[in-house]
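The values are calculated or read from the model by the stated rules, or taken from the named source; none is laboratory data. Keep in mind it's a predicted model, so treat the numbers as computed, not measured. Using ideal geometry, Cβ is built from the backbone for each residue, glycine included, and neighbour counts are taken over all protein chains shown.
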Amino acid sequence: MSKYTIGLDYGSDSVRSLIVNTENGEEIASVVFEYPRWKEGKYCDAPKNQFRQHPLDYLEGLEYTIVEALKQVPEHVARNVVGISVDTTGSTPVAVNETGTPLSLTPGFEENPNAMFVLWKDHTAVKEADEINVLSKKWNIDFTKYEGGIYSSEWFWAKLLHVIREDEEVYKTAYSWVEHCDWITAILTGNTNPGTLKRSRCAAGHKAMWHEAFGGLPSEEFLVGLDPKLTGLKERLFKETYTCDVAAGTLSEKWAQKLGLSSNVVIGVGAFDAHLGAVGAQIEPYYVSKVMGTSTCDMLIAPMEEVGDKLVKGICGQVDGSIVPGMMGLEAGQSAFGDIYAWFRRLLEWPMKNILADSELLDEATKQKLIVETSDKIIAKLSEEAFKIPIAESGIVALDWMNGRRTPDANQALKGAIAGLNLGSDAPRIFRALVEATAFGSKAINDRFISEGIRIDGVIALGGVAKKSPLVMQIVADVLDMPIKVARSEQACALGTAMAASVAAGVYPSLKEAQDKMGGGFEMEYHPIPENVGEYKALYEKYKKFGAFIENELT
């Protein structure tokens, strides 16, 4: 009888459960749950870059997706589920009490955004990140050196410091802080004790300045130097971390009953979505695995002995075993990618939603159908028209910093910009410039790896943009001057998480073997068009000059 694992993939807007046959990687059932409170816009303040999520969205999605997925398969499948693992966005931490319960699930904090999970793209902690960077450069040990040398407002310490400064009640009540991927794993095992639950090496190494060379987290003296409010917190956090092939425990009786599974099901240590997405897309040494969605996360693995003492500046960390155990995992990415296209679509939707919606010329049902139909077709039509426009014909150059810059050299205070507009600049030309900007942002990441001595042999793409937009993929291939393979699986992150679960449960001895047995391969490959490559090299130089001007003169 086949054995099965479940990959739980927590994204920015929804959670997905994927049931996978460990023998061959067949994806036999999948269910998605959209976070209802998040969908209503609760606890968020976009102009302030505040994005928070309620743990009930996560818990409701956990139960619903697994129960509904099991309804889609024969009964014997549930009896033969041997492992579950979790991936989440990150850094997405939350303040918890002594039992590991998020404060937002305790009396008095139910509607307090500061008691919620602080989503990865929350940028309220820019000031705190700056303080961490300044102090790190003065300290006798630079605790940011394995984080690319620049700490980001998207990461663990900056976020928790911002929250405890802003909210005295949360500061007084919080006992510890837990990452989303660690908390869901802890919930499933029944061990939510902040001192004993198993913490993700991936999360701690890339976002919390944890490293074996430091003996764990930054020193108490350093943390107190940042703010006396951090006094004693280190002792209530963690010292040890674990890779995704390790078992965190087994399914608790409570959750076994809720889900209709055995309490013998092994729960693997959690990790971040992009890292396990790279696993699901069958990453191999010196290939960049590029998750192309609302943002991008660029993963690269290399043998430890070949990386040696190299420290890659300006990336999102290099961590032993954060992607594939035994390999150095290096992370980079763009804070906005598909989000930029979605922003432009919203601009174009404005007249429909604010003028057409109030029109008395059409009945309500027709207006709504017209708005939905038009909105759904905007990106496809823009792509069709943009494809016809010659490179550099418009003279428009854009910067992809609409949500700040993650890599290279994190700076979340930066803003996007567009130059070269004239009275002939129409929507398809502006859209093409935005697509080119996101491709140039990708090239800047590749260039940084290469300049720091980490070669790149190829690119593997996964995610919604990689699957849906030939225009974007061809432009990125042309700009990078490198072939791009697109992973076949529609759910590479959940698949990689299911692979990790198979190793934690003992089905396979290593993640590499799980990848070989369960991988879905690639559905297509984009190749750079030689005549486009040269033209984009010239346009890329303009992008860099424009970016330097904006960063130096206007920030």
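Checking each residue in segment 115-127 for being crowded, with 24+ Cβ neighbours inside 10 Å and either free of Cβ contacts under 8 Å to residues at least 60 places away in the same chain or among the β-branched types (Val, Ile, Thr) (or both) picks out 115, 118, 125.
The listed residues are 137, 39, 48, and the only one of them that is free of Cβ contacts under 8 Å to residues at least 12 places away in the same chain and either small (Gly, Ala, Ser) or in the same structural domain as residue 203 (by TED's automatic domain parsing) (or both) turns out to be 137. Picking from residues in segment 319-338 that are outside any loop (DSSP other than H, G, I, E, B) and either in contact with a helix residue (DSSP H, G or I) (Cβ under 6 Å, 6 or more places away or on another chain) or in the same structural domain as residue 402 (by TED's automatic domain parsing) (or both), the one that is nearest to residue 203 (Cα to Cα) is 319.
Restricting segment 76-107 to residues that are touching a residue at least 60 places away in the same chain (Cβ under 8 Å) and assigned to a helix (DSSP H, G or I), the residue that is surrounded by the fewest Cβ atoms within 10 Å (Cβ to Cβ) is 76.
Being of a type outside the set (Phe, Trp, Tyr) and more than 27 Å from the chain's Cα centre (by Cα) holds for only one residue in 110, 98, 68, and it is 98. For segment 450-505, a residue qualifies if it is among the β-branched types (Val, Ile, Thr) and either touching a strand residue (DSSP E or B) at 6+ places or on another chain (Cβ under 7 Å) or under 30 Å from residue 80 (Cβ atoms) (or both), and the qualifying residues are 454, 456, 459, 460, 465, 476, 484, 486, 497, 503.
Checking each residue in segment 51-65 for being more than 10 Å from residue 116 (Cβ to Cβ) and under 18 Å from the mean Cα position of the chain (by Cα) picks out only 58. The listed residues are 177, 120, 157, 139, and the only one of them that is in contact with a Leu (Cβ under 6 Å, 6 or more places away or on another chain) and either hydrophobic (A, V, I, L, M, F, W, C) or at negative phi (or both) turns out to be 177.
Could you go through segment 358-373 and let me know if any residue there is outside any helix (DSSP H, G or I) and closer than 24 Å to residue 425 by Cα. Looking through segment 358-373, none of the residues is outside any helix (DSSP H, G or I) and closer than 24 Å to residue 425 by Cα.
Residues in segment 197-236 that are in a loop (DSSP other than H, G, I, E, B) and either surrounded by 15 or more Cβ atoms within 10 Å (Cβ to Cβ) or acidic (Asp, Glu) (or both): 11 in all. Residue 76 falls short of the stated requirement of being farther than 30 Å from residue 508 by Cα, of a type outside the set (A, V, I, L, M) and in the same structural domain as residue 255 (by TED's automatic domain parsing). The strands (runs of 3 or more DSSP E) located wholly in segment 410-509 that include 1 or more residues which are touching a residue at least 24 places away in the same chain (Cβ under 8 Å) and crowded, with 24+ Cβ neighbours inside 10 Å occupy 458-462, 484-487. Condition check for residue 183 on (1) in a loop (DSSP other than H, G, I, E, B); (2) buried (at least 24 other Cβ atoms within 10 Å of the Cβ); (3) of a type outside the set (S, T, N, Q): one failure, at (1).
Quick check on residue 528: is it more than 25 Å from the chain's Cα centre (by Cα) and surrounded by fewer than 21 Cβ atoms within 10 Å (Cβ to Cβ)? When the stated conditions are applied, residue 528 passes them. Under 9 Å by Cβ, and 6 or more places apart or on different chains, what pairs join a residue from segment 221-244 that is in contact (Cβ under 8 Å) with a residue 12 or more places away in the chain and assigned by TED's automatic domain parsing to the domain that holds residue 138 with one that is surrounded by fewer than 17 Cβ atoms within 10 Å (Cβ to Cβ) and of a type in the set (Phe, Trp, Tyr)? Pairs that qualify, where the first residue is in contact (Cβ under 8 Å) with a residue 12 or more places away in the chain and assigned by TED's automatic domain parsing to the domain that holds residue 138 and the partner is surrounded by fewer than 17 Cβ atoms within 10 Å (Cβ to Cβ) and of a type in the set (Phe, Trp, Tyr), are 222/139; 225/139; 229/171; 236/175. Pairs, please: C-beta under 7 Å, at least 6 apart or cross-chain, first residue within 10 Å of residue 429 (Cβ to Cβ) and in contact (Cβ under 8 Å) with a residue 60 or more places away in the chain and in segment 380-401, second of a type in the set (D, E, K, R) and crowded, with 17+ Cβ neighbours inside 10 Å? Close Cβ pairs (under 7 Å, with a partner that is of a type in the set (D, E, K, R) and crowded, with 17+ Cβ neighbours inside 10 Å) amount to 386/432.
For segment 270-282, the criterion of being crowded, with 24+ Cβ neighbours inside 10 Å and in a strand (DSSP E or B) is satisfied by at least one residue.
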